[in-house]
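A.B. asks: Here it is: the structure, laid out below.
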Amino acid sequence: MLDRFNGLAPEAAEEALLACCASRGWAARVVARRPYQTPADLVVAGVTAFDELGWGDLQRALAAHPRIGRRPSGDGAEAAWSRREQSGVEGADDELAEVNEAYERRFGHLFLIFASGKSADEVLAEARGRLGNDDDTEQVVVRGELRKIVELRLERLAEEAEAA
């Protein structure tokens, strides 16, 4: 897989990465660091590139995420990964919708959490607690949550590619 990824045209390689993080700036940084020798090298480069992003790039990446509790449609990798990552919040749709709306009014972007392995109660408690954050604190929290998602998705991308 890495040989194939390393050999893709830059635009095609960037498109392959957008399922992990919907920031074109991030994808361009990861592609620019090719070639990768191992899947771990790709993950490290992706996390490093993520840490270089400004808030504007992060907001663009946030905009591509589905609201927590709203299952994305489609058959692409990002939609499939989001469905799997949010599997623990089934059954709390109304409560999550209410918290999502309050969070979006407060911060101007959707509520994002690394939901993999979390129950609906855990997600709701985290969302309610974060409503009390100031803007600067919440930007730090959002960056950390998105970073965890990007890292997990890069690992999955590398695993799937190695299996192919």
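A.B. asks: Just give me the residues in segment 5-14 being charged (D, E, K, R) and in contact (Cβ under 8 Å) with a residue 12 or more places away in the chain, in sequence order.
C.D. replies: Glu14
A.B. asks: Give segment 129-142 a look and list any residue that's part of a helix (DSSP H, G or I), touching a residue at least 24 places away in the same chain (Cβ under 8 Å) and either polar (S, T, N, Q) or surrounded by fewer than 16 Cβ atoms within 10 Å (Cβ to Cβ) (or both), or say none.
C.D. replies: The answer is Asp135, Gln139.
Residue-wise test of (1) surrounded by 20 or more Cβ atoms within 10 Å (Cβ to Cβ); (2) more than 18 Å from Glu160 (Cβ to Cβ); (3) aromatic (Phe, Trp, Tyr).
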position	(1), (2), (3)
Gly7	no, no, no
Arg29	yes, yes, no
Ala40	no, no, no
Ala45	no, no, no
Phe50	yes, yes, yes
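A.B. asks: While we're here: Please go through segment 17-33 and pick out each residue that is over 13 Å from Val43 (Cα atoms) and more than 14 Å from the chain's Cα centre (by Cα).
C.D. replies: If the condition is that a residue be over 13 Å from Val43 (Cα atoms) and more than 14 Å from the chain's Cα centre (by Cα), then Gly25, Ala28, Ala32 are the ones that fit.
A.B. asks: Right, next: Return yes when Arg153 is of a type outside the set (Asp, Glu), closer than 30 Å to Asp3 by Cβ, in contact with a helix residue (DSSP H, G or I) (Cβ under 8 Å, 6 or more places away or on another chain) and at pLDDT 95 or above and no when it is not. Before you say what the answer is, go through the steps one by one.
C.D. replies: Numbers: of a type outside the set (Asp, Glu): yes; closer than 30 Å to Asp3 by Cβ: yes; in contact with a helix residue (DSSP H, G or I) (Cβ under 8 Å, 6 or more places away or on another chain): yes; at pLDDT 95 or above: no.
No, not satisfied.
A.B. asks: When you go through Asp94, Asp121 one by one, which is the residue that is of a type outside the set (A, V, I, L, M), more than 12 Å from the chain's Cα centre (by Cα), part of a helix (DSSP H, G or I) and modelled with pLDDT of 85 or more? Walk me through how you get there before you give the answer.
C.D. replies: Values: Asp94 fails: modelled with pLDDT of 85 or more.
None of the others qualify; the one that does is Asp121.
A.B. asks: Could you check segment 9-23 and list, in sequence order, the residues that are closer than 23 Å to Val140 by Cβ and either surrounded by 21 or more Cβ atoms within 10 Å (Cβ to Cβ) or among the charged types (D, E, K, R) (or both)? Steps first, answer last, please.
C.D. replies: Quick first cut of segment 9-23, residues closer than 23 Å to Val140 by Cβ only: 20-23.
The answer is Cys20, Cys21, Ser23.
A.B. asks: Within segment 97-118, can you find the residues that are surrounded by 12 or more Cβ atoms within 10 Å (Cβ to Cβ) and assigned to a helix (DSSP H, G or I)?
C.D. replies: Ala97, Glu98, Val99, Asn100, Glu101, Ala102, Tyr103, Glu104, Arg106, Phe107
The values are calculated or read from the model by the stated rules, or taken from the named source; none is laboratory data. Fair warning: this is a prediction, and the values are worked out from it, not measured in the lab. Ideal geometry is used to build each Cβ from the backbone, glycine not excepted, and the neighbour counts take in all protein chains shown.
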